[in-house]
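Everything below concerns the one structure shown next.
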Amino acid sequence: MESEFSYLGDVISAGGGCLQAIGARCSVAWGKFKRLLPILTSKSLSLLTRGKVYNTCVRSAMLHGSETWAPRMSDTSRLQRTDRAMIRWICGARLLDRIPSGELLAKLGLEDVTSVLRSRRLRWHGHVARASGGIHAVTKLVVQNDNRGKGRPPKTWRECVKRDIHECGLSDLDPLDRVAWRAGVNAA
């Protein structure tokens with residue numbers, strides 16, 4: 001039986017990964033989006049201004065706490081679907097219009113949600129690497145589990161960070177050098 005509870009607006013569960021957290025964050029984002037709908041669909045505001053409002057109010061609510069997630073592909077695709085649906089609504093584009101999401105993101109001056117997730121995770125990795133004491137010690141902790149089922153073990157946050165570092169070409173940068181690390185993450 002899984003035990004779960006809500007902490008600071010995030011759903012934390014034993015063994016559930018980030019699935020419940022992503023579901024809760026998407027629900028919060030839809031609530032913020034619908035409350036801001038008159039502003040986000042206003043024709044008197046430019047698309048860039050609407051994109052800034054969306055990024056500041058809605059997307060930040062959707063990605064709150066995402067620095068610590070180790071999402072599966074299905075989790076990432078749920079975030080992308082939610083993000084793209086809101087972006088199409090802001091731009092007044094229907095799926096039948098066949099406008100690629102990349103074009104709509106460019107009109108709003110936004111990045112894809114996966115790259116935002118990656119940069120947040122990499123910034124948090126730099127913060128944890130520079131931290132002394134408790135936070136850094138927890139990342140070195142190894143949990144033994146002899147009752148593991150069949151198949152691949154769940155993806156860990158550390159694996160996500162290693163993949164992000166490799167994909168962004170940051171393997172030569174030291175996260176302990178704050179200025180260089182931040183510049184590398186922002187460039188990626």
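The values are calculated or read from the model by the stated rules, or taken from the named source; none is laboratory data. Everything numeric here is computed off the predicted structure, so don't read it as measured data. Neighbour counts run over all protein chains shown; Cβ positions are idealised from the backbone, glycine included. SASA here: full protein model, heavy atoms, side chains in, ligands and nucleic acids out. Shrake-Rupley method; radii C 1.70, N 1.55, O 1.52, S 1.80 Å.
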Any lysines with Cα under 26 Å of the Lys52 Cα? List them, leaving off those in the same chain fewer than 8 positions away. Lys32, Lys34, Lys43, Lys107
Cross-link candidates for Lys162: which lysines have Cα within less than 20 Å, leaving aside residues fewer than 8 places away along the same chain? Lys140
Mind grabbing the accessible area of Arg94 for me, 1.4 Å probe, Å², rounded to tens? 140
Given a 1.4 Å probe and every protein chain left where it sits, what share in percent of the accessible area of the chain is carbon and sulfur? 56
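Counting only heavy atoms of the protein chains, get the accessible area per residue of the chain (1.4 Å probe) and round it to a whole Å² value. Don't jump to the answer; show the numbers that get you there.
Details: 11580 Å² over 188 residues.
Dividing the accessible area of the chain by its residue count gives 62 Å².
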Report the label-to-label distance for Thr56 and Arg81 in nanometres (one decimal), using points 7 Å from each Cα along the Cα→Cβ vector. 3.1
Span from the the stretch 63-78 Cα centroid across to the the stretch 98-138 one, whole angstrom: 10
Rg over Rh, two decimals, the stretch 71-186 (C-alpha only, Kirkwood Rh): 1.07
For labels at Trp89 and Ser171 in the simple 7 Å Cα→Cβ model, what's the distance in nm? 4.2
Short version: ³J(HN,Hα) in whole Hz for each residue of the stretch 28-39, in order, from phi by Karplus 6.51 cos²θ - 1.76 cosθ + 1.60 (θ = phi - 60°), x for Gly and Pro, what are they? 5, 5, 5, x, 4, 4, 5, 5, 9, 3, x, 6
